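Step one of this worksheet: look at the structure below.
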Amino acid sequence: MPADLPPLPPLPPIRVGQGFDVHPFSDDPARPLVLGGVTFPEGPGLAGHSDADVVAHAVTDALLGAAGLGDIGQHFPDTDPAWAGADSIELLCRAVADVRAAGWQPQNVDCTVVLETPKLAPHRDAMSGRLSAAVGAPVTIKGKRAEGLGALGRGEGIACFAVALVTGSTP
Ligand SMILES: [Zn+2]
């Protein structure tokens, strides 16, 4: 590096975290589909112990990973009846409180939801709003089709990838 360049300003501690989740569609046509805390009018819902909100789960795992706090299964085990049918936005809020208590402040989360149906676009702003309110920072949502490939391409379930960035206050 040339010697005449000024030194870079000090950065706060920064961490990134990755989250991934996938749920199959439920056989129960009455089960609601909940994505990003938004109940879709289209069914069926996803199978799972809680409300099976695959987007909220991926966001939770990304934030916990960024803060070095493990994963959603450690915090909210699916063997615990307390979380049966749980509102995953509530679980996300609890995880955010843990992240902040560990000295990390969420800055943003970006998600890619992989699904064939239903269409995400009409609900994207509502999902982003609910997730952003829970995280206390912007959460952005992108929808992506699997182009007919594999189980997701056959419309057997929905997956979500999330990346979170957090900053710390301690040097
Ligand atoms: Zn899940």
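Observations on the model:
- Contact order normalised by residue count of the chain, Cα under 8 Å, 6+ apart, percent: 32
- Rounded if a/c under 1.5, otherwise prolate or oblate - segment 36-127, Cα gyration tensor axes: oblate
- Nearest 10 degrees, 0 to 90: helix 88-101 Cα axis against the chain principal axis: 20
- Amide H to amide H, with H built 1.01 Å from N, Ala137 comes under 5 Å of no residue 5 or more places away or on another chain.
- Highest average packing first - 55-61, 142-148, Cβ atoms within 10 Å: 55-61, 142-148
- Potential extension, Ala102-Asp78 segment - 0.36 nm per residue separation minus Cα distance: 6.3 nm
- Segment Asp87-Phe20, extension gain: residue separation times 0.36 nm, minus the distance between their alpha carbons: 22.3 nm
- Per residue, the accessible area of the chain comes to 52 Å², computed with a 1.4 Å probe over protein heavy atoms only.
- Most simply put, the chain has about 80% antiparallel DSSP beta bridges, counting only bridges with both residues inside it.
- Dipole magnitude of the chain about its Cα centre (Cβ charges: Lys, Arg +1; Asp, Glu -1), debye to nearest 20: 440
- Highest mean first, the peptides 150-157, 87-94, 73-80 sorted by other C-beta atoms within 10 Å per residue fall in the order 87-94, 150-157, 73-80.
- Our coupling estimate for segment 65-76, obtained by passing each phi through the Karplus curve with A = 6.51, B = -1.76, C = 1.60 and θ = phi - 60°, is x, 4, 8, x, 10, x, 9, 4, x, 6, 7, 9 Hz, Gly and Pro reported as x.
- Per-residue ³J(HN,Hα) for segment 17-25, Karplus 6.51 cos²θ - 1.76 cosθ + 1.60, θ = phi - 60°, Hz, x for Gly and Pro: x, 10, x, 9, 8, 8, 9, x, 5
- Karplus-derived HN-Hα couplings along segment 118-125 (A = 6.51, B = -1.76, C = 1.60, θ = phi - 60°), whole Hz, x at Gly and Pro: x, 6, 7, 3, x, 10, 4, 5
The values are calculated or read from the model by the stated rules, or taken from the named source; none is laboratory data. Predicted, not measured: the structure shown is a model, and the values here were computed from it. Cβ sites come from the backbone with ideal geometry, for glycine too, and all protein chains shown count toward neighbours. To get the accessible areas, we keep the full protein, side chains included, count just its heavy atoms, and leave off ligands, DNA and RNA. Shrake-Rupley method; radii C 1.70, N 1.55, O 1.52, S 1.80 Å.
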